[in-house]
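Reading through the structure tokens given below for one structure.
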Amino acid sequence: MTQREPTSDQADNDKSARGHGKGHVVVRPAKAGELPAIRRLIGLYPDELVQDELPRISSFFVAEREGSIIGCCALQVYSRRLAEVRSLAIHPDFRGKGLAARLVDACRRRGIERRVRQLFAVTSEPGFFEGCGFTVHTGWKTAVFANLDGDP
Ligand SMILES: CC(C)(COP(=O)(O)OP(=O)(O)OC[C@H]1O[C@@H](n2cnc3c(N)ncnc32)[C@H](O)[C@@H]1OP(=O)(O)O)[C@@H](O)C(=O)NCCC(=O)NCCS
């Protein structure tokens, strides 16, 4: 019998268990009870991120450093065809260290495990997502929006 491949979540936990030390940042699935910390982090960016209806805690990954949550990102799976990377935030003190890229990669690997065919993100930071392998879509499908709040 062949040994089961670890899931990406297990692989992240294994890596973190090996390398845990002062200042070390672990990227892992969020745990029950961590939604308030995630909400506080997202609340630092009221202009960029809406937090009225956050994804379920099981959709989130977090970046944790010395017991504090300093980054978060969720993968909301809509169908086998499509999932959304959303609620991505890194604490201002820890930006520019590759943490957002690690969180998006965790989402990407979860999407692959769940056999989702395509990820998308609605973002004010397309340059960041392009660096993560996303393309601004100008092909045969285009995202279309309708404002319901009276704004042009
Ligand atoms: C955007 C944000 C998530 C980036 O987090 P971060 O941890 O600083 O990003 P990383 O360090 O992982 O960056 C990875 C790469 O993307 C690049 N990058 C980061 N932000 C970028 C941006 N706004 N535009 C273009 N490239 C960007 C980095 O230079 C880095 O490039 P490199 O690999 O060549 O060095 C963070 O600034 C943030 O929390 N912003 C406020 C909330 C927000 O806007 N969320 C996204 C909306 S969905």
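The values are calculated or read from the model by the stated rules, or taken from the named source; none is laboratory data. Small disclaimer: the values here were computed from a predicted structure and weren't measured. FYI the Cβ positions are ideal-geometry reconstructions off the backbone, even for glycines, and counts take in every protein chain you see.
Listed values, structure above:
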{"quantity": "Any hit, segment 111-119, residues being within 14 Å of the ligand (Cβ to nearest atom), touching a residue at least 12 places away in the same chain (Cβ under 8 Å) and crowded, with 16+ Cβ neighbours inside 10 Å", "calculated": "yes"}
{"quantity": "Counted residues, segment 94-120 - those being over 16 Å from Gly71 (Cβ atoms), in contact with a strand residue (DSSP E or B) (Cβ under 9 Å, 6 or more places away or on another chain) and of a type in the set (A, V, I, L, M, F, W, C)", "calculated": "3"}
{"quantity": "Residues within segment 65-93 that are among the β-branched types (Val, Ile, Thr) and either exposed (fewer than 15 other Cβ atoms within 10 Å of the Cβ) or away from the ligand (no atom under 14 Å from the Cβ) (or both), tallied", "calculated": "1"}
{"quantity": "Lone qualifier among Lys22, Lys15 - being modelled with pLDDT under 95, farther than 15 Å from Val104 by Cβ, of a type outside the set (Gly, Ala, Ser) and not in a loop (DSSP other than H, G, I, E, B)", "calculated": "Lys15"}
{"quantity": "Test: Leu41 is surrounded by 16 or more Cβ atoms within 10 Å (Cβ to Cβ), assigned to a helix (DSSP H, G or I) and either in contact (Cβ under 8 Å) with a residue 12 or more places away in the chain or more than 14 Å from the chain's Cα centre (by Cα) (or both)", "calculated": "yes"}
{"quantity": "Test: residue in segment 94-104 that is farther than 18 Å from Glu48 by Cβ, within 13 Å of the ligand (Cβ to nearest atom) and touching a Lys or Arg at 6+ places or on another chain (Cβ under 7 Å)", "calculated": "no"}
{"quantity": "Some residue of segment 130-146 being under 26 Å from Gly23 (Cα atoms), at pLDDT 95 or above and near the ligand (Cβ under 10 Å from one of its atoms)", "calculated": "yes"}
{"quantity": "Where a residue in segment 45-62 is closer than 16 Å to Leu75 by Cβ and small (Gly, Ala, Ser) and its partner, wherever it lies, is within 13 Å of the ligand (Cβ to nearest atom) and in a strand (DSSP E or B), with Cβ under 8 Å and at least six apart", "calculated": "Ser59/Ala74; Ser59/Leu75; Ser59/Gln76"}
{"quantity": "Residue in segment 32-41 that is within 14 Å of the ligand (Cβ to nearest atom) and of a type in the set (Gly, Ala, Ser) present", "calculated": "no"}
{"quantity": "Hey, Leu75 touching a helix residue (DSSP H, G or I) at 6+ places or on another chain (Cβ under 7 Å) and under 28 Å from Thr142 (Cα atoms) or not", "calculated": "yes"}
{"quantity": "Members of segment 47-68 found to be of a type outside the set (Ser, Thr, Tyr), modelled with pLDDT of 95 or more and over 13 Å from the mean Cα position of the chain (by Cα), listed by number", "calculated": "Glu64, Arg65, Glu66, Gly67"}
